[in-house]
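What follows is a set of notes on a single structure, which appears directly below.
FYI, it's all coordinate maths here, none of it is from the lab. Not measured: the values here are computed from a predicted model. All Cβ positions, glycine included, derive from the backbone under ideal geometry; neighbour counts span all protein chains shown.
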Amino acid sequence: MITVVGNMKGGTGKSTLAFNLAIWLAHQHKALRLFDLDPQQTLTDVVEVRNEEQYQPQLPKPHLLQDLADFTHTGEHIIMDVSMSDQASLKLAIALANRIVIPVAPSQADIWSTQRFIKLIKETRTDLPKMIAVINRADTHPFVAETKETEEALDYLPHIERLPTRLHNRTNYRRSFSEGLAVFEMDPNGKASHEFIKVAKQIFKE
C-alpha cells in the first residue's frame, strides 16, 4: 500500500505527519519503506536523528528521487513525502499512490491549495486514488472559527474524504519531531498523542 503525504502549499506539516505515521506503522510491526521526494530532505534528516539516537523501532533510511526510477512495490507499507519543488517526482508519486493524505491547515489559502492539488491529481491519472484530508495545526481554542469553516469547505470539495479527528497546533509535535520521536512516544498520555493515534487508525482503518 503506497501512501503519499503532500500538499501544494508549504508549511502544512506534511513531513511531521509522514514521520509520525511511519513510526506508528513500525510499532504495528508492518514492513515499511520510505521515500523522501522533497528537496529539503526533512524526513531524511529526522529519520537520521532517530536512528543515531537508537530509538526503537528504527526506521529505514528514506529512498531518494533517483531510487524512484527503479521502484518496484513488493508488498510493504510505503510512505512518500512529496513536494511541489519537483513536479516530475510529485506526478510520479501521484501515479503510484493508493492513497494520498493531504494535511490542511485551517485557512482559506489552504482550501484553495487543496482544490489545486485535487485538480493536479485528476490531471495526472484517470483512476483516482483515495484522497484523505487531515485538518492539521488547528487552533486549540474552541471559539476560533477558521477550523470549523475549513472543515465545512473541505466537505464541499469533490473526491476527498475529511477525517473527523483534527490535529491541533501543539508544542509536543514540534518538540518530539526535533528529538526524532513520534509524538505518542514522547508523551503517550498527552492530548497530541491521543488525537494522532485516532488519525493514524482512521487513515489505515485499523
So what's the net charge close to Leu43: Lys and Arg +1, Asp and Glu -1, counting the other residues with Cβ under 13 Å from its Cβ?
-> -1
Based on the alpha-carbon gyration tensor of the stretch 2-204, what equivalent-ellipsoid semi-axes (square roots of 5 times the eigenvalues) come out, in whole Å, largest first?
-> 24, 23, 14
Footprinting exposure proxy for His194, His63, His29 (fewest neighbouring C-beta atoms within 10 Å first) = His29, His194, His63
Here FRET efficiency (C-beta to C-beta, His141 to Asn51, R₀ 41 Å, nearest 0.05) is 0.65
Whole-Å distance linking the alpha carbon centroid of the stretch 162-188 with that of the stretch 1-67 is 14
If you add up the charges near Glu146, with Lys and Arg at +1 and Asp and Glu at -1, over every other residue whose beta carbon is less than 14 angstrom from its beta carbon, what do you get?
-> -2
